[in-house]
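Rule-based calculations on the coordinates, nothing more; no lab input. What you see is a predicted model; the values in this text were computed from it and never measured. Here the Cβ positions follow ideal geometry from the backbone for every residue, glycine too, while neighbour counts run over all protein chains shown.
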């Protein structure tokens, strides 16, 4: 069981926290422009690496605040904890962020207001 | 009652002044305070304690502690019975009742022993090979296997004992209180660090307690142990936990330990103490001084009762004053067993013989043995044993390169003390994800790569010499304390004197008179009856991965998890493969180290304390008025209020009629209530609900539907604008916490720019709902500061005022389709409000109704219940609720998914009503629906019933259902194919009463 340093409350047992899944899944701003397939990459697919993972947690039975974590899923080592809305600063976290397939998806481009969908107007 | 024929007149740490009586398989024996069940049985010359798992061979006590594979016992009777306890760890108390296991009808005459005669037909992988085909026979096989393969009997009564759990933090956790562990705890404790020292035995000292031929710091070993424990006990930051097994090692140095608080006291256990206590320990540093477990030698028929581990024999002699045999053959591949021979001989054993597979042994020990008249056979092995319920004779022969030489000698014996060397107890190190390294010089795996903040010391680390172990414990303990921030003074480690030893010579399988697998059995795993021939066969059949071999042969899969057997199995596999032992690898050690009682995991979180029970403000009234209750998530809600012995159906019918014809009253306080404030509160709601919220006027209410991002219905409820930037949201009873979390998540993670805050106010407001044609008149009697006219207080609005003298928020909303009010007052006034309404409402025929009537009433007007009509796969569009799904809003949670290909398919299951052909017939909820009835399954199912009731107001049954393409099937007849009596029903709109909705408005 993990010992997690909540940025607001300090070290607490894992049982006080809720796991929130993959971090940095940007929500598309103009989802109507995405095809069903592109939308499903945002909606259903999660990155699931063996190794360094960027994930979200909330201190559900404490301050109820959300934060991000860089964690090694093999060793359970917590490499970095950083605020929502920011990117990791550790080398491991940066590398994990860059190597995530999600960075290349149409859903993420849509969320950033970048290029239009590659598959046309969508469903 | 028998005498303790194997008990010496003196010696051992038992109290001969305190005899205890106990029974084993119905026979009464005596032992002493300080005995274990095993030592007391051996004192009475009882070796046969069980039958083996597969062949039902007679089996005796093998070990001294938690490594015991054979002597697993059914302890106690009735609701305090417990199966599969190791006799070697059961501390004796007066009146103890124990039974052997896995024998029928009795230990002496066991019918299953026929399996042994048939053993040619029980090879490795027997279950896989035999019981696979034909598959249809599996049910027959299973019955046979379960009957034949059981160990103890599970107890069916409720456990009467109390358990506790406790959390602890420490700087240094020392696991194991032998010499290395004591040295580590002393070093860490002297630095001022907070130390927990846990040991599975009743007393500290570990294996050193068995040694009477060593001196530590010039004292006897026992004197040093006692001084060390006394020094530790005097340290305020040190916690000593005897009888405590550290069983689990998890991430971030989180360990679970199980303390047997009163098990050793039996019926004398004080009532204020729990039976067992689980410790959840978070340690900055962990020292593993878990010792080592002696290995059996794998020789012909090495499982007869009377064949024991050498270390166990020595322990029974020195610790318990029990010499478990008169004619002892010590069989060894190392020097340590010579000490057993010497101590047994000194304690009065008549004949002692040493059989050593090695040609050379430590000269001092050999001389000491021969001085005592002990015969030593170097370079010999035991090649056969004889004896049924007790070993009575062995055959010795010279060992040659790869075989047995000529010159067989038969020796009478009633006890064999075997030693195949020592396996460091690396379980916890391995659980912590540490790696293992093979050491040829001791023929054992020792801790290698360390992953978490832990270190091993003493025998657990392969450091077998006592003085080295003490020094290592001291060093590791001091380093652990320093790593935790405590630097202590260095105190000289006491020197230890012990007999000098030379090296082990591994011999993994001792050859017999015939080739392996013919005639005699060479057991590797006693508990699961796995032989060397089984392991070899499995390896030849291709099970060369150690994990596959384990599962195929079941070696190491008993309740002892192969503590004595794993290394021999690996070595035999390696031999067949021609690979070095470390090349074969090890199986994964998994928690717990020894079986743990489930009760100790749960602690006090059982029964009424398992989960909180929440009571509504009117609970006392409902109870004193005979209400029946039902659980709704954590809440206890009044289900219905039977009058004068009414049956449930009659009560519900009466309540439903009253709610539509007079006044119904119910406690709706369990509704989730969330106070939402902030400049962007309306914008936030606009994104989280499917409908529009920006233009909702102050004092107005709106029904909202909340979706998951995948378009599926998550929750619903009415939300009211209290002020420009202030809303009061209601949720379903069961969804309150989930919705609050949901709002927080979207607010913090997706839209942090929105100024909005949330607080649960579920517990702060009592909600009393009154409905029915006379509800307005009733409210008017108790409220004179709110204009109740339709113009001033229209449907779907809220007014603040005074009701029955209480400050109240009154919501004109309706879940029954009737003219209705939900009156909110501070929770502590809820009961007062209820009682005043009941009293004032009496002339109006006020009738309390429960959750069952509420369900019927809302179904009559076609309102859904989230969790009843929905199950996480039902989209908003499936519920014919398009009217609430905004077409204009650019976005809301779940919007994009509603146009996914799968969600716009015409044949999705969608909400409809059902009317049975026979009006009195009520369909069971959950029933499947078919379009075409066939004589027998399979039939194509087109939907299922979600809600179904008898409606007194409609004077017939009504039902709601999800049916494929349902709205396009209006008027069609479908069938609910119940066994023996199919029900025919017509698909209709899911509105059965007042379809125009005029009553709630009027």
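Which residues in segment B:430-471 have a backbone N closer than 20 Å to a point placed 7 Å from the Cα of residue B:237 along the Cα-to-Cβ line?
B:453-455
Beta carbons within 10 angstrom, averaged per residue: use that to sort the peptides B:966-974, B:287-295, B:591-599, B:898-906, highest first. Walk me through the numbers before you get to the answer.
Working: B:966-974: 15.3, B:287-295: 28.1, B:591-599: 17.4, B:898-906: 13.7.
Answer by packing, highest mean first, reads B:287-295, B:591-599, B:966-974, B:898-906.
Rounded to the nearest 0.05, what FRET efficiency do residue B:979 and residue B:873 give with R0 = 30 Å and r taken as the Cβ-Cβ distance? Could you check? Spell out each step's value before the answer.
Values: r = 26 Å, r/R0 = 0.88.
About 0.70, to the nearest 0.05.
Using the count of nearby Cβ atoms within 10 Å as a rough guide to exposure, how do B:161, B:716 rank from fewest to most? Don't skip to the end; give the middle numbers.
Values: B:161 16, B:716 26.
Exposure proxy ranking, most exposed first: B:161, B:716.
Please compute P(r) over all alpha-carbon pairs of segment B:252-391, binned at 5 Å starting from zero, and give each bin as a whole-number percent.
It works out to 2, 8, 14, 15, 14, 10, 8, 9, 9, 7, 2, 0, in whole percents.
Given the peptides B:52-64, B:265-277, B:836-848, arrange them by the average over their residues of other C-beta atoms within 10 Å, most packed first. Before the final figure, lay out each step's value.
On the way: B:52-64: 25.9, B:265-277: 14.5, B:836-848: 17.9.
Taking the mean over residues of other Cβ atoms within 10 Å, the ranking is B:52-64, B:836-848, B:265-277.
Say R0 is 41 Å: what FRET efficiency, to the nearest 0.05, do residue B:679 and residue B:703 get from their beta-carbon distance?
Numbers: r = 24 Å, r/R0 = 0.59.
The computed FRET efficiency comes out at 0.95.
Using only Cα atoms, locate the centre of segment A:3-53 and the centre of segment B:184-204, then give the distance between them in Å, rounded to an integer.
Computed from Cα coordinates, the inter-centre distance equals 43 Å.
Within segment B:49-87, name every residue whose backbone N is under 19 Å away from a label modeled 7 Å from Cα of residue B:389 along the Cβ vector.
Zone members listed by number: B:49-53, B:55-62, B:70-74.
Relative contact order for chain B: what is it in percent, counting Cα pairs under 8 Å that are at least 6 residues apart? Intermediate results must be reported in sequence, preceding the final value.
Numbers: 2385 pairs, mean separation 89.7, N = 1002.
Answer for chain B is 9 percent.
Is the C-alpha gyration tensor of segment B:254-321 telling us rounded, prolate or oblate? Criteria: a/c under 1.5 is rounded; beyond that, a/b larger than b/c is prolate, otherwise oblate.
oblate
Going highest first, how would you order B:486-497, B:540-551, B:380-391 by mean Cβ packing within 10 Å?
B:380-391, B:540-551, B:486-497
For segment B:429-507 and segment B:785-820, write down the distance between their C-alpha centroids in whole Å.
77
Have a look at segment B:555-663 and give its Rg and Dmax from the Cα atoms, expressed in angstrom.
30.4, 90
If one computes the Cα centroid of segment B:228-299 and of segment B:847-887, what distance in Å separates the two points?
54
Pairs of Cα atoms under 8 Å, at least six residues apart: use those to get the relative contact order of chain A, whole percent.
Details: 219 pairs, mean separation 38.0, N = 123.
In percent, rounded to a whole number, it is 31.
In peptide B:248-257, what is the residue-averaged number of other protein chain Cβ atoms found within 10 Å of each Cβ?
Values: counts 1, 0, 4, 8, 10, 2, 5, 1, 1, 0.
Average per residue, whole number: 3.
Would you mind ranking B:701, B:170 by Cβ crowding within 10 Å, fewest neighbours first?
The order, fewest Cβ neighbours first, is B:701, B:170.
Just to confirm the number: angle between the C-alpha axis of helix B:138-149 and the first principal axis of chain B, 0 to 90 degrees, nearest 10?
50
With a ≥ b ≥ c the root eigenvalues of the C-alpha gyration tensor of segment B:880-1002, is it rounded (a/c under 1.5), prolate (a/b larger than b/c) or oblate? Don't skip to the end; give the middle numbers.
Working: a/c = 2.83, a/b = 1.30, b/c = 2.17.
It comes out oblate by the Cα gyration axes.
Treating the angle as unsigned and between 0 and 90°, give the value, to the nearest 10°, between the Cα long axis of helix B:221-233 and the longest Cα principal axis of chain B.
Helix B:221-233 sits roughly 30 degrees off the main axis of chain B.
Inside 10 Å of the C-beta atoms of B:891-901, what's the mean count of C-beta atoms belonging to other chains? List each step's numbers first, then the result.
Details: counts 6, 0, 1, 0, 2, 13, 5, 0, 6, 5, 4.
Partner Cβ neighbours, averaged per residue: 4.
Using only the Cα atoms of chain B, each taken as one equal point scatterer with no solvent, compute I(q) by the Debye sum, divide by I(0), and report log10 of the ratio at q = 0.06, 0.07, 0.08, 0.09 Å⁻¹.
-0.65, -0.80, -0.90, -0.98
For the residue pair residue A:114 and residue B:548, what label-to-label distance in nm results when each label sits 7 Å from Cα along the Cα-to-beta-carbon direction?
The answer from the label model is 4.6 nm.
Let me confirm one metric for peptide A:29-36, namely the mean number of other chain beta-carbon atoms within 10 Å of its residues' beta-carbons.
3
Express the C-alpha Rg of the protein assembly as shown as a ratio against the empirical globular expectation 2.2 N^0.38 Å, rounded to two decimals. Numbers along the way, then the final one.
Details: Rg = 37.3 Å, N = 1125, 2.2 N^0.38 = 31.8 Å.
Normalised Cα radius of gyration, the protein assembly as shown: 1.17.
Note the angle between two axes, namely the Cα long axis of helix B:310-320 and the longest principal axis of the Cα atoms of chain B, as a number of degrees from 0 to 90, rounded to the nearest 10.
90
Which whole-number percent gives the relative contact order of segment B:731-855, counting Cα pairs below 8 Å spaced six or more residues apart? Before the final figure, lay out each step's value.
Details: 148 pairs, mean separation 29.9, N = 125.
Taking the mean separation of contacting Cα pairs over the length of segment B:731-855, I get 24 percent.
Is the shape of chain A rounded, prolate or oblate, going by the alpha carbon gyration tensor and its root eigenvalues a ≥ b ≥ c, with a/c under 1.5 for rounded and a/b larger than b/c for prolate? It would help to have the intermediate numbers written out before the result.
Working: a/c = 2.47, a/b = 1.98, b/c = 1.25.
Prolate.
Can you sort B:392, A:112, B:888 from fewest to most other Cβ atoms within 10 Å of each residue's own Cβ?
Details: B:392 15, A:112 11, B:888 5.
Listed from fewest to most nearby Cβ atoms, that is B:888, A:112, B:392.
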